Structures are given as structure tokens and as C-alpha cells.
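Take a look at the structure below.
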Amino acid sequence: MAYFVIGYDQQADKNSPEVLEALKEWRAVRLLDVLWLVEHDTSPADLRDVLERAMKGEGGIAVIELKAGSEWAAFRAKPSGVAWLRNHILP
């Protein structure tokens, strides 16, 4: 399993409910409104491709792999996302 941060343009939330459905299916955790954290057993490109199809051309997507021990900082982030980072990336 690998850890990923997924970000996408905000209009996808309103115009493409399939994006949120995919993230919920993957048990992703929201860090910011359009920034999610997920543990998955696939590649960044595979995750991007699923979301790209769900977005139907409604904006951009970025999927970046995180490594255990990566440094991070957050301000006014969702508590569940901060907890996810503490549990998966930097205890």
C-alpha cells in the first residue's frame, strides 16, 4: 500500500459527484476542501485516470505519493486529515 495526496479543481466537487463517490470508496480523508489523503495499492497515474474520467473534463487533478517520514505542516486543516497524516506519515 502507498500513501497519496490528491488535489483537484474545486468545480469538480459541484459538477462531478462521481469524484466524491470514488474518494469515499477509497476511504480517502479530506485535509482541505479539495485536498484528500488516501492509502491505496495502485499508482498515482491509475488514481488520476479514475478521477479524470469522473470529472468529465471539469478541471485539473494532481496525485502525489507521500512517503512515511515526509515532513508536513498544516494550518486550519480538517482535524481528520491532520490525524491521518500523524498516523500514516509522521507519528
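Values quoted throughout were computed directly from the atomic coordinates according to the rules given, and no laboratory measurement underlies them. Worth saying up front: this structure is predicted, and the values here are computed from it rather than measured. Here the Cβ is made from the backbone with ideal geometry for all residues, glycine too, and neighbour counts use every protein chain on show.
Annotations
- The structure shown yields Rg and Dmax of the Cα atoms in Å, and of the options [x] 14.6, 48; [y] 14.2, 45; [z] 12.6, 37 that calculated value carries the label [z].
- Nearest 10 degrees, 0 to 90: helix 79-88 Cα axis against the chain principal axis: 60
- Checking every one of the trypsin sites (Lys or Arg not before Pro) in the chain against DSSP loop status and a limit of 14 other Cβ atoms within 10 Å picks out R27, K56, K67, R76.
- Charge context of V29, other residues only, Cβ under 10 angstrom, K/R +1, D/E -1: +2
- Pairs of lysines in the chain (C-alpha under 19 Å apart; 8 or more residues apart or interchain): 4
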